[in-house]
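Some notes on the structure that comes next.
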Protein chains: 2
Amino acid sequence: MTSPSVFTSLDAYVARCISLSEADFAYFHAQLMVKHYKKKSRLLSAGEICSFEGFITKGCCRVYYLNEKGNEVDLYFGIEEWWVSDMASFTQQKPSNLFIETLEDTELIIISYEAKERLFIRIPAFERMFRLMVQRTHETLMKRLISSFSEPAEERYLSFVAKYPSIVQRVPQHLIAAYLGITPEFLSKIRSKLKAKNL
Amino acid sequence: MTSPSVFTSLDAYVARCISLSEADFAYFHAQLMVKHYKKKSRLLSAGEICSFEGFITKGCCRVYYLNEKGNEVDLYFGIEEWWVSDMASFTQQKPSNLFIETLEDTELIIISYEAKERLFIRIPAFERMFRLMVQRTHETLMKRLISSFSEPAEERYLSFVAKYPSIVQRVPQHLIAAYLGITPEFLSKIRSKLKAKNL
DNA sequence: TGTTTTTCTTAATCTATTTCAATGTTTAGG
DNA sequence: CCTAAACATTGAAATAGATTAAGAAAAACA
């Protein structure tokens, strides 16, 4: 258990929320599957029922949807220690509107709907852990909504860079534009304006 | 228990998520407080720690924040059977950035932080009930973010009217504009344009 | 009831952002 | 290493929505 395993970072994540015995951890691990995907793999497509919640241990994913004009709009990017899923689709086992795709070769620990239910029955503390996880996600989303209403694109971009410097390195700019809710052209303009300023 | 009480609608809400014994319900009720507020009462101000999660049994509230320009931006309106709170502030017992205010005379069932913790300890099923509640809230917020990125103001207004007809009746238009992320003037323009079309 | 305050509308001007189109640059694959 | 594809930049024209300011209508209030 003390030697580094695939589960190390996930276990640490869990331990920050709830305390578990060794036996609990073992049962937990038995409910999980480790998956490896190549870059540009599709983990979920709109119309499918999302069959997993995935904790990223290596790599990077994007979660996006297609709007009526056919543009891809990124909801969020996940890197190490993030969960990716379409929670609504997963929880209610109904078809998703979202797409999930890897942007790099990615290692993911996934839990299925049935496994999660088993986990809740056997170790109710996981209800709390997932509640806290959703609450955190919700808080992040709320802040994002607020900033998208209050701040002009330039500030939102600067905040994004400040908050997720590693994502900026790893994700192509047109996807970041999609995340910020602006066109790639406009992001490019913002960046060149910023560059002009800082010189 | 079968005669209508203040708790009737909340109990129904809870029962849709988890099943509880009579004794559980009694303990649950003992953790709650019923509050009455006049129209325009302030339930929470930015800077305070949010001390409650409130379930509206009668009336209407708005949850909003002040952006840098000093404009009030509405995050959501709560009517009967909705929860109002600043979840981030409440859960982490840290100062809020939000304001909560009644728009009508309002009856609210509130639970405090301590009472909620007691409840979780005595009846762990409530972890699930609140997890499901947050998940639902999260899904709603996600949809809102998607529509604010994808749809022009006119469509967002039409969706809002279609989804929350009762709120449209009860809430002044300039607040709905603030909810949609546009100015009251622009909403007015949209409405007169729509009126012209439909005649 | 009349009066004050809040809410709603209209119009002119201004701005952030989009769209379109063209060009340049980097990356990936054969 | 070369070529195609993906990605990024730039500029001009178009547009959704903001801002300002004024007046009309409705609601609250005394």
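The values are calculated or read from the model by the stated rules, or taken from the named source; none is laboratory data. These numbers were taken from a predicted model, which means no experiment stands behind them. Quick reminder, even Gly has a Cβ in these numbers, built from the backbone with ideal geometry, and neighbours come from all protein chains shown. Protein only, heavy atoms only, side chains kept; ligands, DNA and RNA dropped before computing areas. Shrake-Rupley method; radii C 1.70, N 1.55, O 1.52, S 1.80 Å.
Data for the structure
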{"quantity": "Simple Cβ-charge dipole of segment A:8-126, Lys/Arg +1 and Asp/Glu -1, about Cα centre, in debye nearest 20", "calculated": "180 debye"}
{"quantity": "At most 15 other Cβ within 10 Å, DSSP loop - trypsin sites (Lys or Arg not before Pro), segment A:1-110", "calculated": "A:16, A:38, A:39, A:40, A:69"}
{"quantity": "Unit charges at the beta carbon, dipole of segment B:8-133: most positive-side option, B:8, B:126, B:87", "calculated": "B:87"}
{"quantity": "Degrees between helix B:125-150 axis and first principal axis of chain B (Cα, 0 to 90, nearest 10)", "calculated": "10 degrees"}
{"quantity": "For segment B:8-133, accessible area per residue (1.4 Å probe, heavy atoms of protein chains only), Å²", "calculated": "43 Å²"}
{"quantity": "The protein assembly as shown shape via C-alpha gyration tensor axes, a/c threshold 1.5", "calculated": "oblate"}
{"quantity": "Built amide H within the under 5 Å cut-off of residue B:97, gap 5+", "calculated": "B:47"}
{"quantity": "Where Cα atoms sit under 28 Å apart: lysine pairs in segment B:8-133 separated by 8 or more or lying on different chains", "calculated": "17"}
{"quantity": "Spin-label proximity, residue B:6 to segment B:111-126 - amide N less than 17 Å from point 7 Å beyond Cα toward beta carbon", "calculated": "B:111-113, B:115-116"}
{"quantity": "Whole-percent carbon and sulfur share, accessible surface of chain B, 1.4 Å", "calculated": "56 percent"}
{"quantity": "C-alpha center-to-center spacing [segment A:138-160, segment A:104-137] in angstrom", "calculated": "27 Å"}
{"quantity": "For chain B, the longest site-free run once GluC sites (Glu not before Pro) in DSSP loop states with at most 12 other Cβ atoms within 10 Å are removed", "calculated": "B:82-199"}
{"quantity": "FRET efficiency estimate (nearest 0.05) - Cβ-Cβ, residue B:192 to residue A:82, R0 45 angstrom", "calculated": "0.50"}
{"quantity": "Residue A:185 paired with residue A:120, simple spin-label distance in nm, labels 7 Å along Cα-to-beta-carbon", "calculated": "4.8 nm"}
{"quantity": "Computed label-point distance, nm, for sites residue B:15 and residue A:23 using a 7 Å Cα→Cβ extension", "calculated": "3.7 nm"}
